[in-house]
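First comes the structure, then the notes that go with it.
The values are calculated or read from the model by the stated rules, or taken from the named source; none is laboratory data. Only a predicted model underlies this, so the values are computations on that prediction, with no experimental measurement involved. Don't worry about glycine lacking a Cβ; one is built from the backbone with ideal geometry, like all the others, and counts go over all protein chains shown.
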Amino acid sequence: MSIKWLSIRQFRNYSESRFDFGPAINVIQGPNALGKTSLLEAIHLLSLGRSFRTTRMNDMIHKGTEGFFLEAHFISNEIEQRLAVSMSPRERKVVHNHTLYPSLSSLIGLLPVITMTPDDGLIKGGPDSRRKYLDLQIAQFDPLYIHYLTRYQRAMRHRNQLLRRKSFDAIGPWEQEMARSATYVVKRRKSLIHSLQTLAQDNHERLSGGLGELILGYQSHFDGDFLTQYQKTRQKEAAVGYTTTGPHRDDLMIKIDDKEARHFASEGQKRTCVTALRLASWHLLKQQTGVDPLMLIDDFGVSLDESRRQQFLECLPEFGQVFITCVDPLPLSGAGVKTFTIKKQDEQDRKAAGYTG
C-alpha cells in the first residue's frame with residue numbers, strides 16, 4: 001500500500017499543491033505553521049474520513065474560499081486506484097475510482113493508516129480518547145464493527161430520550177438493539193486488546209531498553225447479559241436521564257508494571273507507551289488487512305528522548321510508506337528516503353514545496 005501522489009486545493013493554508021511521494025520514507029521538514037501537519041491531516045482525512053486536529057470541517061477550508069478538494073492516487077494489491085474528497089458547507093462528495101460513496105465513513109478501510117501526534121490522548125486524554133483509538137483500529141479491518149457501533153449509539157439515544165420522559169412502553173426494542181450491538185462491540189474490543197498485548201510489549205521493551213512491562217486490559221462498568229442489565233436499571237437510570245452501563249462507558253487500561261500509566265508513569269514512560277502502542281497497531285493492522293498500512297508521524301522528535309528517538313529511527317524502514325514531519329533535518333539517508341522542504345511562500349498562493357533528496 002502506498003500513495004503515489006496527492007493533490008490539495010483550498011485546504012488549510014494550501015491554495016493548490018501536489019506532492020509526488022516515494023514508496024518508503026517521506027520526510028516533510030521546515031519551520032512551524034507552514035503546512036507540514038496539514039499535509040498529514042489531508043492523508044488522515046482521506047484514510048479515515050476525519051481530521052486528527054478538529055471536528056469542524058470548516059476549520060480545514062482555506063481562508064476566503066468555499067470548500068476544499070483532496071485527491072490521492074495510490075497502489076493497493078498492485079492495482080492503482082483513485083480517491084477524492086470534496087467538501088463545502090453545501091456538499092460532501094467522496095469518490096473511489098468511479099464509485100460515488102454516501103458518506104465519509106465509507107473511506108475507512110480503503111487506506112489503512114496509523115497516526116502518531118505529539119498531543120496523542122491515549123494516556124493523557126480521557127476514556128473517550130482510548131475508546132476512539134480502539135474503534136478506529138477495529139473499523140479499518142472489520143466493516144461490521146461500524147455497523148454495530150452506529151446502531152448501538154442510535155439505539156442508546158432513543159433509550160435515553162425515553163428514560164428522560166419515563167416512557168417505558170416503547171423502550172424494549174431499543175434495549176434489545178443496544179444489547180445485540182453492545183455484545184459485538186465489547187467482544188471485538190477485548191479481542192483487539194488481547195492481540196495487541198504481545199506486540200505492544202515487544203515494542204515497549206525495544207524502545208525502553210527493557211525497563212518495565214507494558215500491560216493492557218479492558219475496563220468495563222458491566223460484564224454480563226446487557227439486555228437483563230438494561231431492563232433492571234430502567235428506574236434508576238430514568239432518574240439521571242441516561243444509560244450508565246455499556247461500551248460507551250468502557251476504557252482501555254494501560255499499565256506499566258501493574259501501575260496505571262496515566263497516574264504513575266513519568267512523561268518519558270507515557271510517551272514510550274504511546275509509541276509502542278502505535279507501532280503495535282501498525283503491525284496488527286498489517287496482519288488483519290494483508291497490506292502495509294500508511295504510517296503518519298507528526299513533529300518527530302518532540303515525543304521521545306534522544307535514545308528512544310534513535311531506536312525509533314532505526315525501525316522506520318519496517319513500516320512501509322512513512323510520512324514524517326520535523327522542523328530540523330533527520331539523520332536519515334539512502335534511496336528509500338525522500339525529503340520535502342516546506343518553505344514560506346506568498347500567503348495568497350502557497351504552492352507545494354520543492355523536494356530534495
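Of the numbered criteria (1) at pLDDT 95 or above; (2) within 30 Å of residue 266 (Cα to Cα), the one residue 155 fails is (2).
Can you tell which of 270, 259 is basic (Lys, Arg), within 22 Å of the chain's Cα centre (by Cα) and in the same structural domain as residue 148 (by TED's automatic domain parsing)? The unique qualifying residue is 270.
If you go through the stretch 238-269 and pick out every residue that is basic (Lys, Arg) and out of contact with any strand residue (DSSP E or B) (no Cβ under 8 Å at 6 or more places or on another chain), you end up with 2.
Within the stretch 156-168, restricting attention to residues that are within 15 Å of residue 248 (Cα to Cα) and over 25 Å from the mean Cα position of the chain (by Cα), which residue is surrounded by the most Cβ atoms within 10 Å (Cβ to Cβ)?
Ranking the candidates gives 159 first.
Only a single criterion out of (1) more than 28 Å from the chain's Cα centre (by Cα); (2) under 30 Å from residue 257 (Cα atoms); (3) β-branched (Val, Ile, Thr) is not satisfied by residue 171, namely (2).
For the stretch 105-124, taking the residues that are more than 14 Å from the chain's Cα centre (by Cα) and farther than 20 Å from residue 77 by Cα, the one that is surrounded by the most Cβ atoms within 10 Å (Cβ to Cβ) is identified as 123. Scanning the stretch 100-136 for residues that are touching a residue at least 60 places away in the same chain (Cβ under 8 Å) and assigned to a helix (DSSP H, G or I) yields 107, 122, 123, 124, 127, 130, 131, 133, 134, 136.
Contact map, the stretch 193-217: residues that are over 23 Å from residue 305 (Cα atoms) paired with residues that are part of a strand (DSSP E or B) and hydroxyl-bearing (Ser, Thr, Tyr), Cβ distance under 7 Å, separation 6+ or inter-chain. Pairs shown: 193/218. The residues in the stretch 287-308 that are outside any loop (DSSP other than H, G, I, E, B) and buried (at least 18 other Cβ atoms within 10 Å of the Cβ) can be counted, and the count is 5. Here the helices (runs of 4 or more DSSP H) wholly within the stretch 150-268 that include at least 1 residues being β-branched (Val, Ile, Thr) are 172-208, 226-232, 234-240.
Quick one: would you say residue 292 is out of contact with any strand residue (DSSP E or B) (no Cβ under 6 Å at 6 or more places or on another chain), more than 28 Å from residue 183 (Cα to Cα) and without any contact (Cβ under 8 Å) to a residue 60 or more places away in the chain? Here the answer is no, as residue 292 does not meet what is asked. Determine whether the stretch 177-193 contains at least one residue that is over 22 Å from residue 252 (Cα atoms), in the same structural domain as residue 284 (by TED's automatic domain parsing) and modelled with pLDDT of 95 or more. Yes, there is a match, as at least one residue in the stretch 177-193 is over 22 Å from residue 252 (Cα atoms), in the same structural domain as residue 284 (by TED's automatic domain parsing) and modelled with pLDDT of 95 or more.
Residues in the stretch 59-92 that are over 19 Å from residue 48 (Cα atoms) and charged (D, E, K, R) were compared, and the one that is surrounded by the fewest Cβ atoms within 10 Å (Cβ to Cβ) is 78. Looking across 52, 74, 11, one residue alone is among the aromatic types (Phe, Trp, Tyr), over 25 Å from residue 289 (Cα atoms) and within 21 Å of the chain's Cα centre (by Cα). It is 11.
Checked against (1) more than 26 Å from residue 324 (Cβ to Cβ); (2) surrounded by 14 or more Cβ atoms within 10 Å (Cβ to Cβ); (3) aliphatic (A, V, I, L, M); (4) out of contact with any Ser or Thr (no Cβ under 8 Å at 6 or more places or on another chain), residue 144 passes all but condition (2).
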